[in-house]
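Computed from the coordinates by the stated procedures, all read-outs in this text should not be read as laboratory data. Since this is a predicted model, take the numbers as computed values, not measurements. Here the Cβ is made from the backbone with ideal geometry for all residues, glycine too, and neighbour counts use every protein chain on show.
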Amino acid sequence: MAARKRVAVVGVGTMGSQAAWRLASRGAEVVGYDRFAPGHDRSAAGGETRVFRSAHFEDSRYVPLLRHADALWQRLQEETGRELRRLTGCLLMGPAEHHQMRTTLESVAEHDLDHEILDADALAKRFPQFRIEDGDMAVFDHRAGFVRPELTVLTAARRAEELGAHIHRYTPVREIAPSGGGVAVRTDAGSERFDAAVVTVGPWVNDLLPGLPWGVDIRRVINAWFVPVNDNWSGPESPGFIRTAPTHCYGLPSPDGVSVKLGLSQALHLPVDDPNRLDRTVRPEELEIFAELIGRYLPDLHPHPVRVSVFMEGYTDSSRPLIGPLPGAESVILAAGFSGHGFKLSPAFGDIAADIALERSSPQPIDFLSTVGRTDS
Ligand SMILES: Cc1cc2nc3c(=O)[nH]c(=O)nc-3n(C[C@H](O)[C@H](O)[C@H](O)COP(=O)(O)OP(=O)(O)OC[C@H]3O[C@@H](n4cnc5c(N)ncnc54)[C@H](O)[C@@H]3O)c2cc1C
């Protein structure tokens, strides 16, 4: 019988909690480390909801990975009995000629995804909370909705622990170094040796692994919550939405039915110089863009938020995440740069990181995301 592999998971956040679950499910001896505790909101995860969708407006190569993630979302829910995802549908709206609308249409046609195309009249009858403009279209993705970030990270980490993983909370990893065919992980308590390490430290990637050959730009991301002024947003069927242009934005009704969370595109996020010193104060002028969007496209929301939160995310130039071994260190598997769209795919990325840590490769179609031979970011 092959020896049981010892694998470290460094950063038990969105991707790390899923990697820990997948590794522990496959019988690996898993030791996780997080600078806080899984489920915290001081990094990329938090804020109650994240959009889940089946159609992909960035690149239809994500669709098979979304299918894999979809199956694992169901499995994690079944194994734990927790409702991590709710499928309420998602509307993608924007100018019909916009490349993201075209990619979406290609993606639904190529992969035969369950969807509807709505014109302005159909949209107004069915979803009066949204307004579109001349030349716009709306695509309703049926197998879409929201996932719950804090609950998901905590649930995946707890499931990993039930399966035998050991997670060190409030334990920042200071250094990861190849060591005799494996890897040494150093914390303030000393160094431990593993067969492999999955590194999923999100916005801290450049701090822990300085000199990476790819750029990961860390940005400060604001979410704001707005209260509807009438009943148009109420009801369990109120879908999430994404608007592609002129300002890329998205929104999700809160699970408690009280408010609607809005977020903006990467272009509007300020850089983060030091992830240990994230500025979590939101200035009134940073909220003006939300009020403008509400006035133009979401007229049933009161334009002043009842809540704001600040997070961080790592973006690559191409928006394609980086997954795979570090050059010259085959036992260190990096998963970083999820560029604002990683959460929905997190069970798949965790599973792929587990594949690479245990088998050195993954059967999933990730060539376009792989670190192997990648020169761009
Ligand atoms: C506001 C916002 C909205 C988003 N909306 C969506 C959406 O609607 N749909 C979607 O699919 N995606 C969305 N995303 C993207 C998604 O949330 C991220 O891609 C994903 O959470 C990134 O996961 P991660 O594991 O890389 O980082 P994180 O979840 O931040 O995990 C990193 C972990 O590493 C730990 N850590 C850091 N350094 C160390 C260290 N040295 N030692 C030990 N532990 C360490 C941190 O404490 C943290 O727990 C959104 C992102 C943001 C910020």
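Please list, ordered by residue number, the strands (runs of 3 or more DSSP E) wholly in the stretch 299-338 having 3 or more residues that are within 16 Å of the ligand (Cβ to nearest atom) and surrounded by fewer than 23 Cβ atoms within 10 Å (Cβ to Cβ).
Details: elements: 307-315, 322-326, 329-336.
Answer list for the stretch 299-338: 307-315.
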> Does the stretch 49-65 contain any residue that is under 30 Å from residue 193 (Cβ atoms) and among the aromatic types (Phe, Trp, Tyr)?
Replying inline: no
>> Which pairs turn up if I take residues in the stretch 34-50 that are over 7 Å from residue 149 (Cβ atoms) and look for partners that are within 7 Å of the ligand (Cβ to nearest atom) and hydroxyl-bearing (Ser, Thr, Tyr) with beta carbon separation below 9 Å, at least 6 apart in sequence or on another chain?
In response: 34/171; 35/43; 35/171; 36/43; 43/14; 44/14
>> With the requirement that a residue be surrounded by fewer than 24 Cβ atoms within 10 Å (Cβ to Cβ) and within 15 Å of the ligand (Cβ to nearest atom), what does the stretch 1-32 give you?
In response: 31
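Could you tell me whether any residue of the stretch 363-372 is within 14 Å of the ligand (Cβ to nearest atom) and closer than 20 Å to residue 59 by Cβ?
Step one: filter the stretch 363-372 for residues within 14 Å of the ligand (Cβ to nearest atom), giving 369.
Filter once more, keeping what is closer than 20 Å to residue 59 by Cβ: 369.
Yes; the residues of the stretch 363-372 include at least one that is within 14 Å of the ligand (Cβ to nearest atom) and closer than 20 Å to residue 59 by Cβ.
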>> Against the conditions (1) touching a Pro at 6+ places or on another chain (Cβ under 6 Å); (2) of a type outside the set (D, E, K, R); (3) farther than 24 Å from residue 339 by Cα, where does residue 157 fall short? Just the number, please.
In response: (3)
